[in-house]
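I have placed the structure first, in the form of structure tokens, so that the comments after it can refer back to it.
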Amino acid sequence: MSLTREDDGMRITLLTVPDCPNAPVVRERIDRALGGRGADVELIEVADHEAAVRLGMTGSPTVLIDGTDPFAVPGAAASLSCRLYRGPDRRAEGAPSVADLRRALCGTEAAGERAGPAAAGPSSVRS
């Protein structure tokens, strides 16, 4: 399912397991973080471990910005499990906060200007 808007070159991929309760939450937060900026947003439901490995999903939901997981935890294995993120108050949440997504989006845009990959953003926690 593609949630395409005016494309400004940024591609956001949302990897989830089928019926992930956090998929609508992260989609709404991505919209808020974009603040009206255009981006190609694609939702991909991942149903098996092999696809999780191939796509780089380390829990549901996984957000990829231009193919990179800005919330990646070094050494995290591919997984169909629920993924938790630390919110601004350090509590575990089922999706990155709007503020963390904004930082990740800005970091990706800046990295694109430098022609290098984005630096890793805030850490995430898997359950």
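The values are calculated or read from the model by the stated rules, or taken from the named source; none is laboratory data. Everything numeric here is computed off the predicted structure, so don't read it as measured data. Because the Cβ atoms are built from the backbone with ideal geometry, glycine has one as well, and the counts that use them run over all protein chains shown. All accessible areas refer to the heavy atoms of the entire protein, side chains included, with ligands and DNA or RNA removed. Shrake-Rupley method; radii C 1.70, N 1.55, O 1.52, S 1.80 Å.
Details
- Conditions (1) over 16 Å from GLY94 (Cβ atoms); (2) modelled with pLDDT of 95 or more; (3) assigned to a loop (DSSP other than H, G, I, E, B); (4) open to solvent by 10 Å² or more (accessible area, probe 1.4 Å): number failed by PRO70: (4)
- So PRO21, is it out of contact with any Asp or Glu (no Cβ under 8 Å at 6 or more places or on another chain) and in contact (Cβ under 8 Å) with a residue 60 or more places away in the chain: yes
- Of the strands (runs of 3 or more DSSP E) lying entirely inside segment 1-54, the ones with 2 or more residues being aliphatic (A, V, I, L, M) and at pLDDT 95 or above are found at 11-16, 40-45.
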